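Let me begin by presenting the structure, written as structure tokens, before commenting on it.
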Amino acid sequence: MPTKTLHIPTPDGLADAFAAFPDHGEQHPGVLMYPDAFGMRPVLEEMARELAGHGYYVLVPNFFYRHGPAPLIELPEHIGEEIRSAAVAQLMPLIEAHSAERILRDADAYLRFLTTQPEVSAGPVAVTGYCIGGLLAMHTAAAHPGQVAAVAGFHGPVGADGPDSLRRLLSTLAAQVHLGHAETDMTPEALGELNQALDAAGVGYTSEIYPGTVHGFTMSDTDAFDPGARQHHWDRLLTLLDRTLG
């Protein structure tokens, strides 16, 4: 399967990125995939290749590019609980500096780049993300309602900024949505409130807690990994993409 290491021009510099796409010499629908807080690394490249194998051009940007190319911090092949807290502590200042203005400025650049790649077909695109990337995916979709047909977020802090911010975010969202929450991240009561907000906004969605999961369940290089939940995530994501881009 063809892959590329790329650099995306943005108003603030060049964002390093990884792309995977089918080896058919054809054009394919585009998908922007935001990593989790640990950023671009082999497991994200593996996930991009897996999704590309289903007929999509998948672009994975380093959204921390202002601080340097990925990887920004040294990570072992397996991110165990014994080093997870220290790694998150190193990355938290970068996450906090990633303001809404930066998110939207970058989203414009990422989508412009994605849709002009020769391997990407004309028409709408999809955005998906993991952990903080799930929130970035939702902001990207809301800012580009005429371009993003589908958005998915997995173990992401979608409602972290409070109900007022969530309502503003959903008010411009036109994409079909799937949100897959970790059981440790979302109580049934909080899920009900989130889904009520989605209902009130008139958004077409599925939003559910994946039973028995902890934050990061899709990431096979962490202790949070749950193979069954990751397969369920693929089933949900592929159904969404087939319905909106297929």
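Laboratory data are not the source of any read-out in this text; all were calculated from the coordinates shown. Small disclaimer: the values here were computed from a predicted structure and weren't measured. Cβ placement follows ideal geometry from the backbone for every residue including glycine, while neighbour counts extend to all protein chains displayed.
Things worth noting here:
- Vicinal HN-Hα couplings computed from phi for segment 103-112 (Karplus, 6.51 cos²θ - 1.76 cosθ + 1.60; Hz; Gly/Pro x): 4, 6, 5, 5, 4, 4, 5, 4, 5, 4
- Note that segment 81-125 shows a convex hull volume over its alpha carbon atoms of 122 Å³ per residue.
- ALA89/ALA200 FRET efficiency (R0 25 Å; Cβ-Cβ; nearest 0.05): 0.10
- For segment 1-152, a Kirkwood radius taken over Cα pairs fed into Stokes-Einstein (20 °C, viscosity 1.002 mPa s) yields D = 138 µm²/s.
- Distance from segment 57-92 to segment 118-187 (C-alpha centre basis), Å: 21 Å
- Put simply, the amide H of ALA152, placed in the peptide plane, has neighbours under 5 Å in VAL127, THR128, GLY129, HIS178, leaving out anything fewer than 5 places away on its chain.
- Computed about the Cα centre, the dipole magnitude for the chain is approximately 700 debye when only Lys and Arg (+1) and Asp and Glu (-1) carry charge, each at its Cβ.
- Virtual paramagnetic centre 7 Å along Cα→Cβ of ALA97, amide N under 11 Å, in segment 1-16: none
- Hull volume per residue, based on the alpha-carbon atoms of segment 94-246 and their convex hull, is 120 Å³.
- Charge-dipole axis of the chain as Lys and Arg at +1 and Asp and Glu at -1 on Cβ define it, positive-most pick from TYR57, GLY156, GLY228: TYR57
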